[in-house]
Amino acid sequence: MFDKLLFWRQCKTFHTFSDRDRLLPHSCEARSMSVAIASAPSSQLSSHHAIHCSLLVRSLITDLRVMAREDGNVKIAPDILIFQAKCHSAKCNHEYRSKIPNSAIALFEKFTVANARSGTITYSMNILEVSTTPFTDQKPGTSGLRKAVKVFQQPHYLENFVQSIFDSLEGCQGQTLALGGDGRYYNTKAIQIILKMAAANGFSRIKVGHRGILSTPATSCIIRQYKTLGGIILSASHNPGGVDGDFGVKYNTGNGGPAPEKVTEAIYARSKTIDRYKILDAPDIDLDTLGESRLGEMTVEVIDSVQDYQKLMESLFDFDRIRQFLTSGKRICIDSMHAVTGPYARAIFEQSLGAPQGTVVNGTPLEDFGGGHPDPNLVYAHDLVEILFGDNAPDFGAASDGDGDRNMILGKHFFVTPSDSLAVLTANAKLVPGYASGLAGVARSMPTSQAADRVAAKLGIDCYETPTGWKFFGNLLDAGKATLCGEESFGTGSNHIREKDGLWAVLFWLNILAVRQQSVEHIVREHWQTYGRNYYSRHDYEGVDSDRANTLMEKLRSVAPTLKGKRYGQYEVEYGDDFSYTDPIDGSISSKQGVRIGFVDGSRIVFRLSGTGTQGATLRVYFESYEGDSSKQDLEVQQALAEPIAIAQEVAQIREYTGMSKPTVIT
Ligand code: VG1
Ligand code: CO
């Protein structure tokens, strides 16, 4: 008759039972229930207490049967098993708590064994099984589930998604999980919920970042180093934070990388049918103190957020050489944008590498990132841009994003596009100890410029083109086919972890600068002379009406294949298609990854809709043109791309569909 077994152990007094939400989280109201008040042998509950308890609960549950078995041997399956209670009869005021965990557990084990019924889930003592109904919008995007904080704060929203993750795993029993986030608003609240859910779902250990802080790359490092089942990262990355900002949840698998599509699809499918989740009824864990504590049967280990990551960096880069560089009069400025990399950057650049205090700016993670977009580009990291383009500018500047996986690299009065950065790192990798023996291959997302392809061709290594999103690099890295990876969206990384890594890219650059003793600008210009320059820009149209954006894309999808051979000024279309990717390792196919128009001279225009936004749609248009003549490599970028920009307008009628006369962000 009963499909739910609920246990409470946490109730400090019976008063808690008047809190209906807590006592009867879900559908048990007004249903027949039997209640067992079980007592550990050494702390027996008399029938007097039992009867009194029954009166208190009776108002909430019909047809209540109470069993107080003083021998602790419960023979029939009750719906509620109370392990803690306080009697409020005037004279007695006896407090009963099963504070003797061993005997209580022994009792419980007896109970479950005695009542094991096929089809019923068994519960440990203080696990609540909460009935819920699905939300229809929990489809993970390019990088996890991102929604407004207010959406995540709805009752059961976070819990449903987390349970959907757990239900999609092969089994959580006895497993270890890494957990942390970028420090944005709701981070610690969500961590407390997830810890209790993990305990209720059978995990045996969680490694959680100190104060809830773990950057995305550091989490990937922890997962790999301690061979955990996977990890949960709480971040909406470059999206703004705060009460009115965004929040996000990403699941990473045992290789340390973002869950591949087949996993995110399973999570989404589960979220559409979910009808219950499990959560431990227990007090919050102290996240401010390093060390271990218990949550039910699970060990929570609060770990130093920086240590393991820093060690990994020390194993890849020549810290002595970079230290020399940084203490010999060179100046750098690292902007953590009030997001997660602050503690990492201070430990690495200021404490370990000897850069003066103050090198790291905006280094304290704030819940709202100081009100800004923690997105390291020329628009949102304008404070840093002003410093690097101002008088008396430092030699090198870098910024990172909300969760620390993106980077922007600047030289004195010079901006390095992320696509060029990948190409320069590829060309100079042998100067860095971790990559001295050469690269297996390089991979870039489809809209990223083809600058890296040219380097790969010269080095005689493979270059792979994947859809947007780091999850597509995972198989290539695992199979040893690619060593470096990059995206035009300010993401660069390598096989040292399975995420893009902002500070890793900064250290890579500093290592190159320390070895070559040339300026950033010199290195990039020389690179262009050798390989040619791929002019590159991305235009974003944010907050577009979703239907209109989808129509624009649909139209493009049908028009693109018809454009072959068509001429626009000096440009002749070589191909037009919607990018589809077949993973070379597992053969999985990802289609509709962006409409491409490629020209005979190698120039390209790419259109796609963002999969990380939370309001309306964001149209991204990517432009690339190649210039091999070194006398023409110094044009202003938007000017150099003026023709492709006009062609994009003509083909896609961007103004008409978006209602915008110009992009909201140009990078
Ligand atoms: C954007 C970028 C993509 C990146 C993703 C996650 O996705 O274009 O390259 O991998 O963000 O980055 P989209 O779907 O909005 O274009 V992060 O640092 O925000 O996790
Ligand atoms: Co990010």
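The values are calculated or read from the model by the stated rules, or taken from the named source; none is laboratory data. Predicted model only: the values in this text are computed from it and were never measured. Positions of Cβ are generated from backbone atoms using ideal geometry, with glycine treated the same way; all protein chains shown enter the neighbour counts. SASA here: full protein model, heavy atoms, side chains in, ligands and nucleic acids out. Shrake-Rupley method; radii C 1.70, N 1.55, O 1.52, S 1.80 Å.
The listed residues are 610, 590, 625, 603, and the only one of them that is within 16 Å of ligand 2 (Cβ to nearest atom), open to solvent by less than 50 Å² (accessible area, probe 1.4 Å) and either assigned by TED's automatic domain parsing to the domain that holds residue 541 or hydrophobic (A, V, I, L, M, F, W, C) (or both) turns out to be 610.
Residue-level check: of (1) open to solvent by 10 Å² or more (accessible area, probe 1.4 Å); (2) within 14 Å of ligand 1 (Cβ to nearest atom), residue 480 misses just (2).
Working carefully through the options 171, 230, find the one that is at pLDDT below 95, away from ligand 1 (no atom under 16 Å from the Cβ) and either over 13 Å from the mean Cα position of the chain (by Cα) or in the same structural domain as residue 276 (by TED's automatic domain parsing) (or both). Only one candidate passes the filter, namely 171.
The residues in the range 146-165 that are closer than 17 Å to residue 278 by Cβ, assigned to a helix (DSSP H, G or I) and in contact (Cβ under 8 Å) with a residue 40 or more places away in the chain can be counted, and the count is 8. State yes or no: is residue 574 part of a strand (DSSP E or B), modelled with pLDDT of 95 or more and open to solvent by 40 Å² or more (accessible area, probe 1.4 Å)? Judged against the criteria, residue 574 is a match. Of the residues making up the range 389-407, those that are under 20 Å from residue 524 (Cα atoms), in contact (Cβ under 8 Å) with a residue 40 or more places away in the chain and either surrounded by fewer than 24 Cβ atoms within 10 Å (Cβ to Cβ) or within 12 Å of ligand 1 (Cβ to nearest atom) (or both) number 4.
Tell me which residues, restricted to the range 546-571, are β-branched (Val, Ile, Thr) and buried (at least 16 other Cβ atoms within 10 Å of the Cβ). Write out each step before concluding.
Filtering the range 546-571 down to residues β-branched (Val, Ile, Thr) leaves 551, 559, 562.
Listed by number, the list is empty, since nothing qualifies.
Residue pairs whose Cβ atoms lie under 6 Å apart, separated by 6 or more positions or on different chains, with the first residue in the range 646-667 and farther than 15 Å from residue 595 by Cα and the second in a loop (DSSP other than H, G, I, E, B) and open to solvent by less than 70 Å² (accessible area, probe 1.4 Å), are 665/379; 667/377.
Taking (1) open to solvent by 40 Å² or more (accessible area, probe 1.4 Å); (2) within 16 Å of ligand 2 (Cβ to nearest atom); (3) not charged (D, E, K, R) in turn, residue 502 satisfies each apart from (1).
If we scan the range 188-210, do we find a residue that is within 16 Å of ligand 2 (Cβ to nearest atom) and open to solvent by 20 Å² or more (accessible area, probe 1.4 Å)? No, the range 188-210 contains no residue that is within 16 Å of ligand 2 (Cβ to nearest atom) and open to solvent by 20 Å² or more (accessible area, probe 1.4 Å). Go through the range 214-227 and give me each residue that's of a type outside the set (Phe, Trp, Tyr) and surrounded by fewer than 23 Cβ atoms within 10 Å (Cβ to Cβ). 224, 225, 227, listed by residue number.
Criterion applied to 359, 341 was being touching a helix residue (DSSP H, G or I) at 6+ places or on another chain (Cβ under 8 Å) and closer than 21 Å to residue 240 by Cβ, and the one residue passing it is 341. Taking (1) over 27 Å from residue 235 (Cα atoms); (2) within 16 Å of ligand 1 (Cβ to nearest atom); (3) small (Gly, Ala, Ser) in turn, residue 411 satisfies each apart from (2). The criterion of being at pLDDT 95 or above, surrounded by fewer than 24 Cβ atoms within 10 Å (Cβ to Cβ) and either within 16 Å of ligand 2 (Cβ to nearest atom) or more than 14 Å from the chain's Cα centre (by Cα) (or both) does not hold for residue 251. For residue 135, the conditions (1) more than 16 Å from ligand 1 (Cβ to nearest atom); (2) open to solvent by less than 50 Å² (accessible area, probe 1.4 Å); (3) part of a loop (DSSP other than H, G, I, E, B); (4) out of contact with any Ser or Thr (no Cβ under 8 Å at 6 or more places or on another chain) are fulfilled apart from (4).
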